[in-house]
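**Q** The structure follows.
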Amino acid sequence: MDKHIDDEEYLRGLLRRIGQSDERALGELMPKFNVIIARFAWNKLRSEEDAEEVVVDTFEAVWKSAKSFEGRSTVSTWIFGIAERRVLMKLRSRRRHEDQVDIDEVTEPLVSEYMGPAEIVLAKERDDFFKDCVSKLTTAHRDCLMLQLEVGLTDAQIAEVIAISLGTIKTRLHHAKLNVTRCVRRKLGLSDKP
């Protein structure tokens with residue numbers, strides 16, 4: 001039976017085993033987080049190669065630091081904190097040398113195989129509007145929103161990963177959602193009041 005990333009007892013057991021140099025435990029842990037860490041890193045770095053490096057660097061740090069896990073946070077929050085720091089290090093090292101890429105390259109359109117041609121066009125248009133509106137958010141607002149929508153972290157986990165107060169996270173998420181909603185509604189020709 002496969003264990004999910006929300007089974008805290010199981011994850012803590014894996015970390016204890018990793019802390020005792022159990023490579024099989026690391027092999028069990030990695031598939032549970034590598035895709036969402038890669039997506040998280042890609043959303044910030046806009047580079048598949050850099051996102052893959054962040055995944056590798058994150059699990060190297062987990063391997064080296066598992067013994068020091070104190071249990072003051074969930075395992076997933078601890079791992080995403082490591083990933084966040086690796087992303088920030090990567091951004092600092094290349095900030096002067098790389099242009100930002102549009103958010104359109106990050107997510108695929110929300111299209112289903114069961115949609116007709118007209119529905120597909122409308123869904124693609126709404127998705128394009130959404131991505132355009134998200135790209136206009138400040139980095140701080142966009143990071144919080146993507147950690148919630150793409151990674152699935154709670155407000156408290158986001159606060160822990162970014163290392164700012166829960167109140168600030170809630171405010172940023174509220175403003176991010178409000179601004180994106182208003183922006184999409186304007187693009188659809190609707191009133192910008194949700």
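Every number here is computed from the coordinates shown, using simple stated rules; none is lab data. The shown structure was predicted, so the numbers you read here are calculated from the model rather than taken from an experiment. Cβ coordinates were reconstructed from backbone atoms using ideal geometry, including for glycine residues, and neighbour counts include every protein chain displayed.
**Q** Any idea which of 55, 43, 31 is furthest toward the positive side of the dipole for the stretch 8-94, if Lys and Arg beta-carbons carry +1 and Asp and Glu beta-carbons -1?
**A** Most positive-ward Cα: 43.
**Q** May I pose another question? Hey, which of these cross-link pairs are over 26 Å Cα-Cα: 90/131; 64/170; 64/136?
**A** Numbers: 90/131 24 Å; 64/170 33 Å; 64/136 38 Å.
Going by Cα-Cα distance, 64/170; 64/136 fall outside the 26 Å limit.
**Q** So the label point goes 7 Å from the Cα of residue 21 along Cα→C-beta, right? Which residues of the stretch 67-90 then have their backbone N under 15 Å from it?
**A** The answer is 67.
**Q** Also, quick follow-up: Could I have the simple spin-label model distance between residue 89 and residue 56, label points 7 Å from Cα toward Cβ, reported in nm to one decimal?
**A** Between residue 89 and residue 56, the label points sit 1.3 nm apart.
**Q** While we're on this one: Subtract the Cα-Cα distance of residue 150 and residue 181 from 0.36 nm times their separation in residues, and report this length gain in nm to one decimal.
**A** Details: separation 31, 0.36 × 31 = 11.16 nm, distance 1.72 nm.
Answer, rounded to one decimal: 9.4 nm.
**Q** At what distance in nm do the modelled label points of residue 73 and residue 39 sit from each other, each positioned 7 Å from its Cα along Cα→Cβ?
**A** Going by the 7 Å Cα→Cβ label model, 2.0 nm.
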